[in-house]
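The values are calculated or read from the model by the stated rules, or taken from the named source; none is laboratory data. On a predicted model such as this, the values are computed, not experimentally measured, just so you know. No Cβ is skipped: glycine too gets one built from the backbone with ideal geometry, and neighbour counts run over all protein chains shown.
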Amino acid sequence: MKLDPKVAPGPIAALVALLLISLEIADALHRAGSSRATPVARVQLDDPVADFEGRLSAPDPHPATANLRDPFRFGPEHLAVQVPARARPQAAPPPPGPTPVLTAIIWDNDPRASIRWNGRDYTVKANSQISDYQVVLIGRDQVLLAHGGESLILKLHGKGE
């Protein structure tokens, strides 16, 4: 590697400037007195969790494990709980299911009706079927349905009813 004498003055000037700046900073620190080390007083701080750790490591003065069961053991414990025998309550009959709702009737030579059942609207004619309901008759303001041997009359309600 050859050193070119034209390039050498730049780095040499930078090193001289760095040396002069370092000497000035050292002199200023010496005159300000900050170069002398002042002893720092060490204060012993209490451990904030020492008391908590001590209480955790101390044995429990009131152990209550005699009445607890082992959560990892399956089956009855040595003490079985006796439940007094009672008469079983009779199950109430289930409430009646939702019924179809008549929403509209189209009255002409071949009458049709719009019935809402289980969240869907069905357009039906006489003798058609919706689920378990058979459409028997469509009148001007009502529809007759048969369901399991029983008759159900759906009436068309006016506005606001």
The condition of being touching a Ser or Thr at 6+ places or on another chain (Cβ under 6 Å), surrounded by 14 or more Cβ atoms within 10 Å (Cβ to Cβ) and at pLDDT 75 or above holds, among T123, T103, only for T103
Condition check: within 13 Å of I105 (Cβ to Cβ), touching a strand residue (DSSP E or B) at 6+ places or on another chain (Cβ under 9 Å) and surrounded by 12 or more Cβ atoms within 10 Å (Cβ to Cβ). Does L144 satisfy that? yes
Checked against (1) within 40 Å of the chain's Cα centre (by Cα); (2) surrounded by 10 or more Cβ atoms within 10 Å (Cβ to Cβ); (3) at pLDDT 75 or above, A91 satisfies every condition except (2)
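Condition check ((1) in a helix (DSSP H, G or I); (2) modelled with pLDDT of 85 or more; (3) charged (D, E, K, R); (4) touching a helix residue (DSSP H, G or I) at 6+ places or on another chain (Cβ under 7 Å)) across all residues:
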site	(1), (2), (3), (4)
L15	yes, yes, no, no
L19	yes, yes, no, no
E24	yes, yes, yes, no
A37	no, no, no, no
So, of the residues in the range 106-120 that are assigned to a loop (DSSP other than H, G, I, E, B) and among the charged types (D, E, K, R), which turns out to be surrounded by the fewest Cβ atoms within 10 Å (Cβ to Cβ)? D108
Scan the range 62-85 and give yes if some residue there is of a type in the set (D, E, K, R), in a loop (DSSP other than H, G, I, E, B), modelled with pLDDT of 65 or more and more than 36 Å from the chain's Cα centre (by Cα), otherwise no. no
